[in-house]
Amino acid sequence: MKVKMLSRNPDNYVRETKLDLQRVPRNYDPTLHPFEVPREYVRALNATKLERVFTKPFLASLDGHRDGVNCLAKHPKNLATILSGACDGEVRIWNLTQRNCIRTIQAHEGFVRGICTRFCGTSFFTVGDDKTVKQWKMDGPGYGEEEEPLHTILGKTVYTGIDHHWKEAVFATCGQQVDIWDEQRTNPICSMTWGFDSISSVKFNPVETFLLGSCASDRNIVLYDMRTNTICWNPMEAFIFTAANEDYNLYTFDMRALDTPVMVHMDHVSAVLDVDYSPTGKEFVSASFDKSIRIFPVDKSRSREVYHTKRMQHVICVKWTSDSKYIMCGSDEMNIRLWKANASEKLGVLTSREKAAKDYNQKLKEKFQHYPHIKRIARHRHLPKSIYSQIQEQRIMKEARRRKEVNRIKHSKPGSVPIVSEKKKHIVAVVK
Amino acid sequence: GDNDGEREHQKLLEAISSLDGKNRRKLAERSEASLKVSEFNVSSEGSGEKLVLADLLEPVKTSSSLATVKKQLNRVKSKKTVELPLNKEEIERIHREVAFNKTAKVLSKWDPVVLKNRQAEQLVFPLEKEEPAIAPIEHVLSGWKARTPLEQEIFNLLHKNKQPVADPLLTPVEKASLQAMSLEEAKMRRAELQRARALQSYYEAKARREKKIKSKKYHKVVKKGKAKKALKEFEQLRKVNPAAALEELEKIEKARMMERMSLKHQNSGKWAKSKAIMAKYDLEARQAMQEQLAKNKELTQKLQVASESEEEEGGTEEKVEELLVPDVVNEVQMNADGPNPWMLRSCTSDTKEAATQEDPEQLPEPEAHEVSESEGEDRPVAEEEILLREFEERRSLRKRSELSQDAEPAGSQETKDSSSQEVLSELRVLSQKLKENDQSRKQKASSEGTIPQVQREEPATEEEEPLLLQRPERVQTLEELEELGKEECFQNKELSRPVLEGQQSERTPNNRPDAPKKKKKEQMIDLQNLLTTQSPSVKSLAVPTIEELEDEEERNQRQMIKEAFAGDDVIRDFLKEKREAVEASKPKDVDLTLPGWGEWGGVGLKPSAKKRRRFLIKAPEGPPRKDKNLPNVIINEKRNIHTAAHQVRVLPYPFTHHWQFERTIQTPIGSTWNTQRAFQKLTTPKVVTKPGHIINPIKAEDVGYRSSSRSDLSVIQRNPKRITTRHKKQLKKSSVD
């Protein structure tokens, strides 16, 4: 008699160790797995919904300042350390992991206008309303020593901003003019002026370190709008910078072709006060007077994220941490807030399966992002009433303006009314 | 008095005229000719031109003393007036523009990097790889001291042996060796060593393999080959260097003696030992032993006597021949076995299989035999080769076939004695050959070599013949029948074609590809011929019928109209389309009849109409179509509002056509539909950042550019003010000149 038996080789289904993954033989024949698109669509929908569910960007609030936080700086070598300057002349150094204040310095009388760290992370500079530039050691004074700056430079005018060179012992201040200082000297190496407007901010280019951008006037770059609050250079693309403007918009420029911005970023409903790039150079964060901060992809004109809390007032300064995972913002009501850069990201170490699931979900969201349901859910944000109503208002205004423009074109001789693109519209003039 | 008065008057006039700013030009003054001409009163009136310096010098043309002055004057004249310096703002603007263009150019070097990063499939930040900061062991050691007695003891030992303890952990010798050898050198040396080792291993393997071979004959042949080689070398040496050859000869003699001494004819062999045990009791054994000993004596004696006399040589020759006899017999047997199993098998029933198996092996042989036949006598090396080949062949045969069992006992008959004797005999022969002349040597070689050869050649030739016969037969049977006739007929047709040498060459495969081509050609031509011949006949048929029906003009007109409105059946098309759409949108009846249920079924049988009627479910009449009363419109009612909510309305940005988008949507990325690897590849995120790693701005050095930081400070420190002052100075200088 012939007996037919199933015989299986245990090598095919028994794991070698307990840590190995179970072997799951699969047949990828498409006929066995029908409805790929609908199934993936549902998965994408779920992923998007879950993303919204898990969106909890706010991490911590660092309170201790007795006045509005005016400026922020991050430690170049230590991710956990940040510095903040307040409107009462107080500088505080914080530890983010412990979420407490390490050190407090009464640095200036009046505002701390600007703060920057030296590239090596051993000291930092502050400028204040008392017309002084002070250099401080990063480490606190020893026991019994008094808190004293390393150097103090007395200036003739008020300085409004400061930035340190990325490689050398040189820093730049701005006020009535842009001054370039050597750390060892008490007089500027050179001062540069253009026109008579005061300069609000100055930034060194992190890649091509000899380039310096300032918001009012500059040696190399001509700026278009004198109301620009600040600029920030892209750390990965040497010639790209973004300017935060008073007209609620941000402009990304290629510094070689300044007559048209690469992108106009508009979503804020009030003046944009500060901007900072992600260290990856793919996104930037902006702080606005409308009590919110927004995250923009560099190549998109609309923001992908908006952060706000009930208690957060006008946001004056914002910084993206060097590991590109967190965002800090200092605001009027004396608090520094720590946010996740990616709102729904899970903190901590991920297992490989979690990582795979995350990547898959991300790809699904990307794939089905144009589908109306998914788009709606992904874009939905709760906004405070003030911002919401202002957005509506501005939409109406914008629509009216557009209608008028269209009508004008329609009712005038063809070609007499030029059609100006949105990008060009905002540029007043290019001054050589 | 008068003069003074006139002058004063003139002065007054001048003063008055100069008061009026606009008319500063003096009016031409007309005066009477007078004796007194004022030297200040030179005017260039009338001509309306400016006073030129050269005019003043006109009167002093002749005097040479003023030539230098004149030259200087010319020089001054040739120089153009310096333009006004630009105002400060203008200069700054120019400087700014130049600087801007320069920096823009400098920044353009980043374009490729930026583009690459933007288009990158995946970017992992931080971009620069961090080297793991592992402290070298020396540093760790330097901060550590021996405390316990054991540790101290160990350190003492180390110190005594001059072993390094601290930085760096190398002995002086090691250090020297490290310094001595560069990396490339070390690599080369290592490669050399590897090669040497590999060669050695090959050699070892070969030696082992050869050693494993049990056949006596093989070893015999090898030994013979070696001896012959040595002999050849010796001969060469004799020609070139007689003194060295003599030494060599002595050596050979000595070797021979040694061989003699270690003969197995003494009672050291296995057989001899067993006989020695038996000798006590067995008479025959004793006798055998004695015989052997006698033989040994003989041999040694012969050695002792120098082999110079011809008699002795003859004796040895005889001896050798005697010794050779069993070998030859063996060989004969082997030879009979070697190729014969094939022959034997051919006698048995399964001849075909054996033949096919044997063919590839046997094929190369005959050639070799032919070579050996032609050159065998002249070249003893060839003979060796033959022997070797024969041997190998036999080995393979033995392995494969069962019949080889018969051959094995024959091989086993070879005793140790015979083998050793053979070696000796060979040596002897060789040594004799040294002394003898060439001819005698040749004879002997032939006497040895030809015996096996001849016996071997017989079967070989037998093999060759059938093979040679078979080939032409096959060719003839397969394709000749078909092609021969055709080719011949081709040849007959194309007389111009050069006829090939013979039929044999025509049959060769080289010619074959030509034949089908020609066939095809002919077929093509035939088809064309058919077409060309038929088409006129068709025309001739068609034309008259049309002519009968209509006039030519009318026909043309109609044709023109037809052509003009050729595809102009739009209305009918539309109606048809609409009808089709209506039909398609109508709900379909459901037929539930099962053929063969309750009645006969099968091929060609249909269920009865009654049954069909019974099981037909009529679809309910749908709502009236929206375009029922609109004859010119088709309204698509398929569109589902509910699904529309889930559909993309506008083609998203990067896509240029809807099918691109659809395709991206239709390719699944999940692990349900993809293999693990593909899944991982499909879901790689675009940007990867690691928590807790500082991402520094991109650096020129990382990307491979030279950083422009050198120029940093120079650019910054370049004080625009200073530049402008310098510029001004330059301007001033030029103006002074």
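Here are a few things to note about the model shown:
- Only one entry of A:Pro261, A:Pro297 meets the criterion of being without any contact (Cβ under 8 Å) to a residue 24 or more places away in the chain and either over 23 Å from B:Gln122 (Cα atoms) or surrounded by fewer than 21 Cβ atoms within 10 Å (Cβ to Cβ) (or both), and that entry is A:Pro297.
- Test for B:Lys628: is it assigned to a loop (DSSP other than H, G, I, E, B), basic (Lys, Arg) and modelled with pLDDT under 90: yes
- Residue in the stretch A:300-349 that is nearest to the other protein chains (Cβ to nearest Cβ), counting only those that are open to solvent by less than 10 Å² (accessible area, probe 1.4 Å) and hydroxyl-bearing (Ser, Thr, Tyr): A:Thr321
- Criterion applied to A:Val127, A:Val158 was being open to solvent by 40 Å² or more (accessible area, probe 1.4 Å), among the β-branched types (Val, Ile, Thr) and away from chain B (no Cβ under 14 Å), and the one residue passing it is A:Val158.
- Top-ranked residue in the stretch A:181-209 [being at the interface with another protein chain (Cβ under 8 Å from one of its Cβ atoms) and among the β-branched types (Val, Ile, Thr); ranked as surrounded by the most Cβ atoms within 10 Å (Cβ to Cβ)]: A:Val207
- The residues of the stretch A:58-89 that are surrounded by fewer than 20 Cβ atoms within 10 Å (Cβ to Cβ) and away from chain B (no Cβ under 14 Å), listed by number, are A:Phe58, A:Ala60, A:Ser61, A:Asp63, A:Gly64, A:Arg66, A:Asp67, A:Gly68, A:Asp88.
- The set of residues from the stretch B:632-658 being surrounded by 10 or more Cβ atoms within 10 Å (Cβ to Cβ) and either over 22 Å from A:Tyr371 (Cβ atoms) or of a type in the set (A, V, I, L, M, F, W, C) (or both) comprises B:Val633, B:Ile634, B:Ile635, B:Glu637, B:Ala644, B:Ala645, B:Val648, B:Leu651, B:Phe655.
- Filter result for the condition that a residue is modelled with pLDDT of 85 or more and open to solvent by 10 Å² or more (accessible area, probe 1.4 Å), over A:Ser292, A:Ser270, A:Ser278, A:Ser286: A:Ser270
- In the stretch B:675-691, residue nearest to A:Tyr28 (Cα to Cα) [restricted to those that are at the interface with chain A (Cβ under 7 Å from one of its Cβ atoms) and surrounded by 15 or more Cβ atoms within 10 Å (Cβ to Cβ)]: B:Leu682
- The residue list B:Gly692, B:Gly604, B:Gly704 contains one member that is farther than 30 Å from A:Arg353 by Cβ, more than 38 Å from the chain's Cα centre (by Cα) and not hydroxyl-bearing (Ser, Thr, Tyr), which is B:Gly604.
- Assessment of the stretch B:179-193 against the conditions (open to solvent by less than 100 Å² (accessible area, probe 1.4 Å), in a helix (DSSP H, G or I), more than 30 Å from B:Ala135 (Cα to Cα) and not small (Gly, Ala, Ser)) yields at least one matching residue.
- Residues being at the interface with chain A (Cβ under 9 Å from one of its Cβ atoms) and open to solvent by 50 Å² or more (accessible area, probe 1.4 Å) - total across the stretch B:110-121: 2
- Taking the stretch B:196-289 and the helices (runs of 4 or more DSSP H) fully enclosed by it, the elements with 1 or more residues that are aromatic (Phe, Trp, Tyr) and in contact (Cβ under 8 Å) with a residue 60 or more places away in the chain are at B:216-240, B:270-279.
- Filtered residues of the stretch A:170-180 (kept if more than 10 Å from chain B (Cβ to nearest Cβ) and open to solvent by less than 40 Å² (accessible area, probe 1.4 Å)): A:Phe171, A:Thr173, A:Cys174, A:Gly175, A:Val178, A:Asp179
- Looking only at the stretch A:237-257, and only at residues there that are open to solvent by less than 10 Å² (accessible area, probe 1.4 Å) and not in a strand (DSSP E or B), the one that is nearest to A:Val315 (Cα to Cα): A:Asn245
- Annotation note: of B:Val98, B:Val124, B:Val113, the sole residue that is part of a strand (DSSP E or B) and at pLDDT 80 or above is B:Val124.
- Residues within the stretch A:359-381 that are more than 7 Å from chain B (Cβ to nearest Cβ), assigned to a loop (DSSP other than H, G, I, E, B) and surrounded by 14 or more Cβ atoms within 10 Å (Cβ to Cβ), tallied: 3
- Applying the condition of being among the basic types (Lys, Arg) and at the interface with chain B (Cβ under 10 Å from one of its Cβ atoms) to the stretch A:18-50 and asking which residue is nearest to A:Ser344 (Cα to Cα) yields A:Arg43.
- Unmet criterion (only one of (1) open to solvent by 80 Å² or more (accessible area, probe 1.4 Å); (2) under 30 Å from A:Lys167 (Cβ atoms); (3) under 23 Å from the mean Cα position of the chain (by Cα)) for A:Ile102: (3)
- Residues that are more than 55 Å from the chain's Cα centre (by Cα) and of a type in the set (A, V, I, L, M, F, W, C) within the stretch B:620-644 comprise B:Leu630, B:Val633, B:Ile634, B:Ile635, B:Ile641, listed in sequence order.
- Cβ separations smaller than 7 Å between residues 6+ apart or across chains give no pair from the stretch A:239-258 residues that are facing another protein chain (nearest Cβ under 9 Å) and under 13 Å from A:Lys423 (Cβ atoms) to residues that are open to solvent by 30 Å² or more (accessible area, probe 1.4 Å) and outside any loop (DSSP other than H, G, I, E, B).
The values are calculated or read from the model by the stated rules, or taken from the named source; none is laboratory data. Please read these numbers as outputs of a predicted model, since none were measured by experiment. Here the Cβ is made from the backbone with ideal geometry for all residues, glycine too, and neighbour counts use every protein chain on show. Side chains included, ligands, DNA and RNA excluded: accessible areas come from the protein's heavy atoms. Shrake-Rupley method; radii C 1.70, N 1.55, O 1.52, S 1.80 Å.
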